[in-house]
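*Asks:* The structure that follows is given in the form of structure tokens.
The values are calculated or read from the model by the stated rules, or taken from the named source; none is laboratory data. Since the structure is predicted, the reported quantities are computational estimates derived from the model, not experimental observations. Cβ atoms come from the backbone with ideal geometry, glycine included; neighbour counts cover every protein chain shown. In case anyone asks, the SASA skips ligands and DNA or RNA and just uses the protein heavy atoms, side chains included. Shrake-Rupley method; radii C 1.70, N 1.55, O 1.52, S 1.80 Å.
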Amino acid sequence: MEETATQKYVISLEEAPEDINVVGGKALGIIRLVKNKIPTTPGFIVSTSAFSEFLRQSGLGRVIEDAIETLEEKASQDRVDKISRNIIEKIESAEMPREIAEDVVNAYRDLCLRVTGSERCRVAVRSSAVAEDLSSAAFAGQHDTFLNVIGAENVIQSIKKCWASLFNARALVYRKAKGLVNVESLLMAVIVQLMVDSRSSGVTFTVNPLDGDPDIVVIESIWGLGEYIVRGIVTPDKLVIDKKSLKVVEKFISKKDREYVYDPVKGVNSEKPVDEKRAGEQSISDQEAIEIAKVAIRLEELLGSPVDVEWAIDSSGRLYILQVRPVTSLNMPSQKPRGSIAKEKRVFKGLAASPGIAIGRAKILRDIGEAKAKGFNRGEILVTLMTDPDWVPIMRIASAIVTERGGVTSHAAITARELGIPAVVGVPGILDSIKDGEILKVDGSRGVIEVMENPETYRDIIENGQVEVSLAQTTTKTGEREWEEFYIPTATKIYMNLGEPEAIERYLRLPFDGIGLMRIEFVISSWVGYHPLYLIKTERQEFFIDRLASGIAMVASRIAPRPVVVRFSDFKSNEYKKLIGGEEFEPDERNPMIGWRGASRYIHPLYRDAFKLELKAIKKVRDEMGLKNVWVMIPMVRTVWEAERVIELMAEEGLKSSRDFKIWAMAEVPSIALMIDEFSKYFDGFSIGSNDLTQMILGIDRDSDLLSSMGYFDERDEAVLKAMSMIIRGAKRNGRTVSICGQAPSYYPEIVEFLVREGIDSISVNPDAVISTRRIVAGIERKILLESLSNIRSRGKSIKNKGFE
């Protein structure tokens, strides 16, 4: 019988089927590049059939199943580790079936001969799992990758190590808990690709990641491997290409004094200094940049959405595409970033990394150790070499961030955008050019840092802890922000989403009508830190109540009498587990996104007492602190009976709907759209959660890069818009308030118009979208009014004409 592609043990990238059950998820993405003739590194795939046959011939399938079966429900970590090591050792020591090994040896030899002319070459051996539950967030990083593998024997051993990584300790406990002991149902492919000797590497965006400009391609590049871009160790060159003309319209050439390359003596990747002349040269030519842009534009067309592309160019100048991902979120400042390096009149230019303007005292910290020694005060501007996760506590209280190294994809840039604070990165020499305590003005939208010549002018701003933040890039003649000029009256209320309580100080002067979504997860994770059930067990309930109440009060007191809609905790089980003491109380769920969260958690006997702590905190804020502008919202409401039980629990704690206390529900499950009349009996209002609603209506995992890249996750889908319409019209029919707090209005003006025309009461958006959304809504409402007047005139003319007939 002729062997089919799905039965083959080893398949070339060119012949591999687009079947995730044969090649796994990671390999599938590479195959699609090959099928569309996008240049990528050559290689081959060891199919899932090979793994199944290996288990069958070695007899390990039964051995592994028996080992998992012997795991007690509450086995100690030592015992789990012992069983895991035993399985891994058996897989790695077992002989690969001869026919599979021969196919691997032949494929490896052919690959090396075809590309290098030698039978030995360096390859990357990477796991390509199929089982979604084992490649989800809870098990991220569990499947192995091996780089710089040389020799067929080592490739075979690396393949077996990839297979063995399916049976690490955490995965064993998970499978035992879920009864997944049949190892033959697990599918693991392995992809083997040639390692590129990168002369240059980088990242390319087919849309400006800072302002969403779709007409340009942004390219960042460095010498050597691209890891030093991601880690922010080297500030990359930046070239901007106009999509229509394919001409370089902007350049930023940095000093790249080091590179990360393969060391043939050591057999590993290592850092190497770059000579001064080469350090200041472009790491890619203009022509190479244009070729990269062409490929990126084609990928954007193929995937149907903006993309970011990882690439490498070898010493011969050949381009390889290493990975493609959809661009999932964009910031929208009104001006484009500018990226040339210069110093003139105490003005420095770098890469615009996070929009906004801040004025504050410079605090120069060269490393985290110095930060601990010198300390850092709220409102100061952090000036450092680069950041990593250890810096986050300081970044949270900084008014702005400036780094000497790094690009727009560095840790500092990404974190600053998440925190909503201005940032400029990749400013060579900034650490040695300014002094501690100098007053800086940081413009994160233009990439400009200015040392203020008259610091006395800003002394009151600094000493009072006030920070100038501009999201619209407009200032008065005195240079001070006056958000009142943006307060255009609208019938539709413009609310703001908020996560970090301290951030309210930065946004007080924005023209918002209230907080439409206050997420309390940040308060619980940062202010409390402990799992609520652990605190109950240790009789420290008041600690939770006081901390949560304080976080909510910080926001409510600053914006009163405007309302603050507090969403009760919406952690997923894997996130709750990360809290101190959480391991004891949280289950391992296969899909936490649609698992034990929201209302279902509140009414469950195992969590009910913890939910009551949240209710007591709300009661404390309203009754003891007198903040009557605090309302609440229930997330992930699925059924009517569930809604009824939550309302009963709230009533038991003295929280009932009234004239000044409203209880809303997140409308993020299709059942609310279908049964809006029934749900309206229990809630005063609804807030559409467009992210989860889209996920559940279209039946997709919103975290799936694969589906997103195919255009599935789109809040503008007709089915999603129809559900939104059902919720809005149904709520209005029942005299209920209806809002939206998902990400859609922050990114899609057309959705804003749709919502206003449907009659939504309020729209809650991210802070950086408040001003633009208010303007859009005002324009839409004005247009609707003019349309109505036009229709009235038309009807009047019609009646008049009929009168003469």
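*Asks:* In the structure shown, do any of Lys161/Lys578; Lys8/Lys160; Lys238/Lys349 have a Cα-Cα gap over 23 Å, and if so which?
*Replies:* Lys161/Lys578
*Asks:* Would you calculate the separation in nanometres between label points at Ser315 and Ile150, each defined as 7 Å from the Cα along the Cα-to-beta-carbon direction?
*Replies:* My value for the distance between the label points is 1.4 nm.
*Asks:* Continuing with the same structure: Given axes a ≥ b ≥ c from the Cα gyration tensor, I'd like to know whether segment 610-761 is rounded (a/c under 1.5), prolate (a/b larger than b/c) or oblate.
*Replies:* Prolate.
*Asks:* Still on this structure, please answer the following. At Lys82 and Ser526, where each label point lies 7 Å from the Cα along Cα→Cβ, what is the point-to-point distance in nanometres?
*Replies:* Placing both labels 7 Å beyond Cα along the Cβ direction yields 4.4 nm.
*Asks:* On to the next question. Give the ranking of Thr41, Thr70, Thr639 by solvent-accessible surface, highest area first, calculated with a 1.4 Å probe. Working shown, then result.
*Replies:* Details: Thr41 10, Thr70 75, Thr639 45 Å².
From most exposed to least exposed: Thr70, Thr639, Thr41.
*Asks:* I've got another one for you. Test of understanding: what is the full-extension gain from Arg98 to Leu785, defined as 0.36 nm times their sequence separation minus their Cα-Cα distance?
*Replies:* 239.6 nm
*Asks:* How much length would be gained if the chain were fully extended between Gln157 and Glu281, taking 0.36 nm per residue of separation minus their Cα-Cα distance, in nm to one decimal?
*Replies:* Full-extension gain reported as 40.5 nm.
*Asks:* In whole percent, and with a 1.4 Å probe on the protein chains, what portion of the accessible area of segment 568-625 is carbon and sulfur?
*Replies:* After summing per-atom areas, the C and S share lands at 50 percent.
*Asks:* Over all directions, how big on average is the projection of the convex hull of the alpha-carbon atoms in segment 635-678, in square nanometres?
*Replies:* Mean orientational projected area (segment 635-678, Cα hull): 3.3 nm².
*Asks:* Here's something else I'd like to know. Which aspartates and glutamates does Lys255 reach when only Cα atoms under 20 Å apart count, and residues fewer than 8 places away in its own chain are ignored?
*Replies:* Excluding near neighbours in sequence, the set is Glu220, Glu227, Asp237, Glu271, Asp275, Glu276, Glu281, Asp286, Glu288, Glu344, Glu404, Asp432.
*Asks:* What span do the alpha-carbon atoms of segment 196-267 cover on each of the three principal axes, reported in whole Å from largest to smallest?
*Replies:* For segment 196-267, the Cα spread along each principal axis is 46, 20, 18 Å.
*Asks:* Per the Debye formula with a single identical scatterer at each Cα and no solvent contribution, what log10 I(q)/I(0) holds for segment 512-668 at q = 0.15, 0.16 Å⁻¹?
*Replies:* Those come out to -0.76, -0.88, one per q.
*Asks:* Oh, and also: Any idea what the relative contact order of segment 510-577 is, in percent, if you count C-alpha pairs under 8 Å spaced at least 6 apart?
*Replies:* The normalised contact order for segment 510-577 reaches 52 percent.
*Asks:* When the chain is fully extended, how far beyond the present Cα-Cα distance does Ser658 get from Glu750, taking 0.36 nm per residue of separation?
*Replies:* Length difference between fully extended and current span is 29.6 nm.
*Asks:* Sticking with this one: Using 31 Å as the Cα-Cα cut-off, could you pick out the over-long pairs in Lys374/Lys628; Lys628/Lys732; Lys577/Lys619? Provide the component values of the computation, followed by the final result.
*Replies:* Details: Lys374/Lys628 41 Å; Lys628/Lys732 25 Å; Lys577/Lys619 27 Å.
From the list (Lys374/Lys628; Lys628/Lys732; Lys577/Lys619), the Cα-Cα distance tops 31 Å for Lys374/Lys628.
*Asks:* While we're on this one: Along the charge dipole of segment 533-602, Cβ charges K/R +1 and D/E -1, which of Ile536, Ser550, Phe571 sits furthest on the positive end?
*Replies:* The residue sitting most towards the positive pole is Ser550.
*Asks:* Rounded to whole Å, give me the distance from the Cα center of segment 38-61 to that of segment 97-111.
*Replies:* If you average the Cα positions of each part, the centres end up 11 Å apart.
*Asks:* Can I ask one more? Taking 7 Å along the Cα-to-C-beta vector as the label spot, tell me the Asp717-Arg396 distance in nanometres, rounded to one decimal.
*Replies:* Distance between the two pseudo-spin positions: 3.5 nm.
*Asks:* Let me cross-check Thr538: its accessible surface, 1.4 Å probe, with only protein heavy atoms counted, in Å² to the nearest 10?
*Replies:* Counting only protein heavy atoms, the figure is 60 Å².
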